[in-house]
């Protein structure tokens, strides 16, 4: 009869696996930053939105919408990159269906980015107009 694995060893092993999984996740984000121009552009837009949010003193509710938009766009870009990479692996040569898959993934990013843009306009435009009114 085998002895049960000590709880401490199992906990340590689980913690190591968890830490390793975060390492893989950050490696994936690093890959997207290093290789995907659109991901970097979205990061710049994120920084602009955050700076505007602080400068215009947006509410907690507005911050939640901004953070939701940022998260959705970045996640969509990561999924798009993953789908494109997997498609290239499965179909290295030209394939009409592979191209369609890539187009669909890119379309999801565009829809998400438009959602973010519209939300940004809803939140920031009235504040800009109010600021311009006070300046003039």
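In table form, for the structure just shown:
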item	result
Pair list, Cβ under 9 Å, 6 or more apart: the stretch 9-28 residue outside the structural domain of residue 81 (by TED's automatic domain parsing) and on the phi < 0 side of the Ramachandran plot, other residue surrounded by 10 or more Cβ atoms within 10 Å (Cβ to Cβ) and in a helix (DSSP H, G or I)	28/78; 28/81; 28/82
Only listed residue being surrounded by 16 or more Cβ atoms within 10 Å (Cβ to Cβ) and over 15 Å from the mean Cα position of the chain (by Cα), chosen from 58, 83, 66	58
Residue satisfying condition, being in a helix (DSSP H, G or I), in contact with a helix residue (DSSP H, G or I) (Cβ under 6 Å, 6 or more places away or on another chain) and modelled with pLDDT of 95 or more, within set 118, 83, 122	83
Meets criteria (touching a residue at least 40 places away in the same chain (Cβ under 8 Å) and in the same structural domain as residue 106 (by TED's automatic domain parsing)) for residue 73	yes
Yes/no for residue 36 being in contact with a helix residue (DSSP H, G or I) (Cβ under 7 Å, 6 or more places away or on another chain), free of Cβ contacts under 8 Å to residues at least 60 places away in the same chain and more than 28 Å from residue 128 (Cβ to Cβ)	yes
Hey, residue 101 within 22 Å of the chain's Cα centre (by Cα), at negative phi and exposed (fewer than 12 other Cβ atoms within 10 Å of the Cβ) or not	no
Residue satisfying all of: in the stretch 109-121; buried (at least 17 other Cβ atoms within 10 Å of the Cβ) and within 14 Å of the chain's Cα centre (by Cα); nearest to residue 88 (Cα to Cα) among these	109
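The values are calculated or read from the model by the stated rules, or taken from the named source; none is laboratory data. The shown structure was predicted, so the numbers you read here are calculated from the model rather than taken from an experiment. Quick reminder, even Gly has a Cβ in these numbers, built from the backbone with ideal geometry, and neighbours come from all protein chains shown.
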